[in-house]
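Visitor: Take a look at the following structure, please.
The values are calculated or read from the model by the stated rules, or taken from the named source; none is laboratory data. The model shown is predicted, which means the values in this text are computed figures rather than measured ones. Note that we place each Cβ from the backbone using ideal geometry, even for glycine, and neighbour counts take in every protein chain shown. The protein model used for the area step is the full one, side chains on, heavy atoms only, and it has no ligands, DNA or RNA in it. Shrake-Rupley method; radii C 1.70, N 1.55, O 1.52, S 1.80 Å.
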Amino acid sequence: MAKKEELDEETREFIQWCIEVEGFLVAAGATVREAQDHIEEQIDWFTDQFCAALTPEEAAREALA
């Protein structure tokens, strides 16, 4: 059985941030699967937005622009 790896605080914050972005994308009309796929496909871009301190709502709005 594999040992569970502990995530660092920044990684946990980024995951939570992405979950919030997903919610805004879904609210704008995407399905959950479409929102998750988009975030996964554009993970570098979303990472940059997180590091630039955009809110999840701002990042979702930019992604939809």
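Visitor: Could you give the dipole magnitude of the chain about its Cα centre, charging the beta-carbon of Lys and Arg +1 and that of Asp and Glu -1, in debye to the nearest 20?
Guide: About 240 debye.
Visitor: Can I ask one more? Sequence gap at least 6, Cα distance under 8 Å: using those rules, report the relative contact order of the chain to the nearest whole percent. Write out the running numbers ahead of the final one.
Guide: Working: 28 pairs, mean separation 26.5, N = 65.
Relative CO of the chain lands at 41 percent.
Visitor: Additional query: Give me the net charge of Glu57's neighbourhood, meaning all other residues with Cβ under 13 Å from the Cβ of Glu57; Lys, Arg count +1, Asp, Glu -1.
Guide: Here the charged neighbours net out to -3.
Visitor: Before I look further, what does the chain give for accessible area per residue, probe 1.4 Å, in whole square angstrom?
Guide: On the way: 4910 Å² over 65 residues.
Result: 76 Å² of accessible area for each residue.
Visitor: Now, a different point. If I compute solvent accessible area with a 1.4 Å probe over the protein chains, what percent of it on the chain is carbon and sulfur?
Guide: Summing carbon and sulfur atoms, their accessible area is 52 percent of the total for the chain.
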